[in-house]
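Okay, structure first, notes after.
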Amino acid sequence: MIQKKELQRIYTFADTFLRRKAIAVVSCVMRDFDFYTTRGVTLERINIFEEMIDEFDKLSDDDQMLGYVVIATEVRNRKAEDLRVALRTHRNMVENKWGIRSFKYRIYKFDRLSQNSDETLHRLARAVRMYAPAHLADLASEGLTQEKIDNINNLDAIFEDAIDNQLSAVGARDISAQDRILKGNLIYKETLRLCNIGKDLFFKTDPARYNDYIIYDAPKRKAKTATKKKEKTTKVKKEKL
């Protein structure tokens, strides 16, 4: 089976910056709309772009989706511990009655109770469901009742639901992340297209308007260049010394 390749962001800044920049570019395009009509830009396309930005803004961010995953995971862990506690009590009853070397103890596979595995807990709960009813009379002296057996079954069902909810939360986060990347990439492409048109329109005629269509802030590049010059100057000074 061929795995679907995950989408990758084609922009390096935060989604919030992308949204603000896209809104700012739309505002500039509307201001300069008479110029943009010469490049095939229509009001219909601008309206569609604004709708895309609104939809993008309404998407849940990853921190929020991660929060759902964390909550679902915590619930799953609590339900796992509830089931584990009930299984330990049943193990104690069987051990006290027949000992850990007995066949009746070994059929429950209690040695796996220390393993931190969802599937292991399910298997142990199923073993109780299978064997405990036959041992009910023998273990009555240890406090086993049908109600306690039913409780383990109920805890196992609750635990299974908690696992499903946790997996659903993880899946929803993955889908949300991919959807956000897809829509973010589309917004970035259109923003870049409009900016490229704007820079071309005002390259020689209007420096102020030209600057409105620059996506990456110039000060960052100047700061980087200044840093390189400083490093170069320091290197020359060291060499002279």
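The values are calculated or read from the model by the stated rules, or taken from the named source; none is laboratory data. Just so you know, these numbers come straight off a predicted model, no measurement behind them. Positions of Cβ are generated from backbone atoms using ideal geometry, with glycine treated the same way; all protein chains shown enter the neighbour counts.
What to note about this one:
- Glu147 falls short on exactly one of the conditions (1) surrounded by fewer than 15 Cβ atoms within 10 Å (Cβ to Cβ); (2) within 31 Å of the chain's Cα centre (by Cα), and that condition is (2).
- Filter pass, Arg193 being modelled with pLDDT of 95 or more and either farther than 19 Å from Gln64 by Cα or in contact with a helix residue (DSSP H, G or I) (Cβ under 6 Å, 6 or more places away or on another chain) (or both): yes
- Some residue of the stretch 175-188 being assigned to a helix (DSSP H, G or I), modelled with pLDDT under 95 and hydroxyl-bearing (Ser, Thr, Tyr): yes
- So Asp156, is it under 30 Å from Ser60 (Cβ atoms) and not polar (S, T, N, Q): no
- Condition broken by Asp82, with the remaining ones in (1) farther than 30 Å from Ile215 by Cβ; (2) in contact with a Ser or Thr (Cβ under 9 Å, 6 or more places away or on another chain) satisfied: (2)
- Residue that is farthest from Gly171 (Cα to Cα), among those in the stretch 56-76 that are acidic (Asp, Glu) and at pLDDT below 95: Asp57
- Sole residue being outside any helix (DSSP H, G or I) and at pLDDT below 95, chosen from Thr205, Thr233, Thr225: Thr205
- Among residues of the stretch 123-137 that are closer than 11 Å to Leu113 by Cβ, those with a beta-carbon under 8 Å from a residue that is basic (Lys, Arg) at least six positions away or on a different chain give the pairs Arg123/Lys109; Arg123/Arg112; Leu124/Lys109; Leu124/Arg112; Ala127/Lys109.
- Among (1) in contact with a His (Cβ under 8 Å, 6 or more places away or on another chain); (2) loosely packed, with under 13 Cβ neighbours inside 10 Å; (3) among the aliphatic types (A, V, I, L, M) - the single one Val70 does not satisfy: (1)
- Test: Met52 is over 28 Å from the mean Cα position of the chain (by Cα), touching a residue at least 12 places away in the same chain (Cβ under 8 Å) and surrounded by fewer than 17 Cβ atoms within 10 Å (Cβ to Cβ): no
- Count - residues of the stretch 2-19 that are part of a helix (DSSP H, G or I) and surrounded by 12 or more Cβ atoms within 10 Å (Cβ to Cβ): 4
- The stretch 66-95, residues that are under 17 Å from Ile149 (Cβ atoms) and of a type in the set (S, T, N, Q): Thr89, Asn92
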